[in-house]
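Step one of this worksheet: look at the structure below.
The values are calculated or read from the model by the stated rules, or taken from the named source; none is laboratory data. Since the model is a prediction, treat every value here as computed from it, not as a measurement. So basically every Cβ, Gly included, is an ideal-geometry build from the backbone, and we count neighbours across all protein chains shown.
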Amino acid sequence: MAGTAGVAPLAVRGTEPLTAEAVVRRIQAELGDDWPASGPDGFKAGDPATVVKGIATTALATLDVLKQAVKANANLVLTYEPTFYGRADGKSLGDDPVVQAKRDFIARNGLVVFRLRDHWQARKMHQMVAALAGALGWPGRVTSDDAICEVPAATAEETVALIRGRLNLRGGLRAVGDRKATVRRVLLFPGSMPVATIWRRYSEVDLIVAGEVREWEATFYAADIFTAGEKRALVTIGRVVSEEPGMRECARWLATVVKEVPAAWIGAGDPYWRPDDRA
């Protein structure tokens, strides 16, 4: 079921079992706007008629996240990014054995996976930014509805070390630019930052924190900023890692919308390692 067109009307709360499609209809009602069947949001695996015992939110429904959901008795998983390795959610991969193994695990354990990205982002983008700021220890420092944080002064090197520690990163963090630059203003961009953003906004801040960028565009643009003598820096923390705080906030929000079952966030984490890692 690629979209949610044709989902049965939501049953009156408490009169019928709470199915996955009933939960989705409630989410739709709360977030509002149109939900076209052709959009990326929708059921990606499992039976929407499944009675929900618990809900898990995540930035990416990896196999490890799905295993944790089973242990937590959360059989409805709401994921921000695709489950099956691409925008088409596995349709272009045919009978790929990894896709099939993941589908088999979902079916065997009675899970239902629903992608919730466009509508959550459209209505809650500021929460995605604010949640990332909070995870970095900068709650309440995001200016108005923008993505700029006013932070305690520190060097870029110190700030990057703080980011690594706060987000429990291993090999996924990369930084470029002036490591000795004094950082007081930071631009936060969860997800994939277009190069036009750094072109337009680098002069407003001392540091840009993005989920990911296209290396040959934004990374080397930032490197040339440094070579040209600008005291600024860019750090990428990983697309999924940057979106996790926002999906943790999604779980908190869901607890106010669907009160019959527990809702919890499960993080996919930083998948990278370095040669000197011993963990």
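Sort out which residues of region 229-279 are of a type in the set (Gly, Ala, Ser) and either at positive phi or out of contact with any Gly (no Cβ under 6 Å at 6 or more places or on another chain) (or both), and write them in order of number. I'd like the intermediate steps shown before the answer.
Quick first cut of region 229-279, residues of a type in the set (Gly, Ala, Ser) only: 229, 233, 238, 242, 246, 251, 255, 263-264, 267-269, 279.
Answer for region 229-279, where residues must be of a type in the set (Gly, Ala, Ser) and either at positive phi or out of contact with any Gly (no Cβ under 6 Å at 6 or more places or on another chain) (or both): 229, 238, 246, 251, 255, 263, 264, 267, 268, 269, 279.
Of everything in region 75-120 that's small (Gly, Ala, Ser) and over 24 Å from residue 191 (Cα atoms), which residue is farthest from the chain's Cα centre (by Cα)? Walk me through it before giving the result.
Going through region 75-120, the residues small (Gly, Ala, Ser) turn out to be 86, 88, 90, 92, 94, 101, 107, 110.
Imposing the further condition that a residue be over 24 Å from residue 191 (Cα atoms) reduces the set to 94, 101, 107, 110.
Working: 94: 26, 101: 24, 107: 24, 110: 24 Å.
Checked region 75-120; the qualifying residue farthest from the chain's Cα centre (by Cα) is 94.
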_Residue pairs meeting the criteria (Cβ under 7 Å; at least 6 apart or on separate chains; first assigned by TED's automatic domain parsing to the domain that holds residue 211 and in contact (Cβ under 8 Å) with a residue 24 or more places away in the chain, in region 128-139; second of a type in the set (S, T, N, Q) and part of a helix (DSSP H, G or I))_ = 128/121; 132/242
*Would you check which residues across region 107-132 are crowded, with 21+ Cβ neighbours inside 10 Å and closer than 15 Å to residue 210 by Cα and list them?*
128, 129, 130, 131, 132
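Can we say residue 59 is farther than 24 Å from residue 122 by Cβ and surrounded by 18 or more Cβ atoms within 10 Å (Cβ to Cβ)?
Numbers: farther than 24 Å from residue 122 by Cβ: no; surrounded by 18 or more Cβ atoms within 10 Å (Cβ to Cβ): yes.
The answer is no for residue 59.
Using the structure shown, decide if residue 95 is over 22 Å from residue 239 (Cβ atoms), part of a helix (DSSP H, G or I) and in the same structural domain as residue 29 (by TED's automatic domain parsing). Let's see the steps before the verdict.
Numbers: over 22 Å from residue 239 (Cβ atoms): yes; part of a helix (DSSP H, G or I): no; in the same structural domain as residue 29 (by TED's automatic domain parsing): yes.
No, not satisfied.
Given the structure, is residue 193 assigned by TED's automatic domain parsing to the domain that holds residue 27 and not aromatic (Phe, Trp, Tyr)? Reasoning before the result, please.
On the way: assigned by TED's automatic domain parsing to the domain that holds residue 27: no; not aromatic (Phe, Trp, Tyr): yes.
Judged against the criteria, residue 193 is not a match.
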*Restricting attention to region 21-56, and to residues there that are buried (at least 18 other Cβ atoms within 10 Å of the Cβ) and of a type in the set (Asp, Glu), which single residue is modelled with the lowest pLDDT?*
41
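Is there a residue being part of a strand (DSSP E or B) and modelled with pLDDT of 90 or more anywhere in region 127-149?
We begin by selecting, within region 127-149, every residue part of a strand (DSSP E or B); these are 142, 148-149.
From the residues that got through so far, the ones that are modelled with pLDDT of 90 or more too are 148-149.
The answer is yes; a qualifying residue exists.
For (1) at pLDDT 95 or above; (2) assigned to a helix (DSSP H, G or I); (3) of a type in the set (Ser, Thr, Tyr); (4) not assigned by TED's automatic domain parsing to the domain that holds residue 27, each residue gets a yes or a no:
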| residue | (1), (2), (3), (4) |
| --- | --- |
| 198 | no, yes, no, yes |
| 202 | no, yes, yes, yes |
| 209 | yes, no, no, yes |
| 220 | yes, yes, no, yes |
| 224 | yes, yes, no, yes |
| 248 | yes, yes, no, no |
| 254 | yes, yes, no, no |
| 260 | yes, no, no, no |
| 277 | no, no, no, yes |
*Which condition number in (1) touching a residue at least 24 places away in the same chain (Cβ under 8 Å); (2) surrounded by fewer than 18 Cβ atoms within 10 Å (Cβ to Cβ) is the one that residue 157 fails?*
(1)
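Determine, yes or no, whether residue 61 is of a type in the set (Gly, Ala, Ser) and in contact (Cβ under 8 Å) with a residue 40 or more places away in the chain. Outline the logic, then answer.
Working: of a type in the set (Gly, Ala, Ser): yes; in contact (Cβ under 8 Å) with a residue 40 or more places away in the chain: yes.
Taking the combined requirement at face value, the residue satisfies it.
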_Residues that are surrounded by 13 or more Cβ atoms within 10 Å (Cβ to Cβ) and of a type in the set (S, T, N, Q), drawn from region 62-106_ = 62, 68, 75, 79, 83, 100
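Taking the residues in region 193-229 that are polar (S, T, N, Q) and buried (at least 16 other Cβ atoms within 10 Å of the Cβ) as candidates, determine which candidate is nearest to the chain's Cα centre (by Cα). Full working, then the answer.
Going through region 193-229, the residues polar (S, T, N, Q) turn out to be 197, 203, 219, 227.
Those left that are additionally buried (at least 16 other Cβ atoms within 10 Å of the Cβ): 197, 219.
On the way: 197: 19, 219: 21 Å.
Result: 197.
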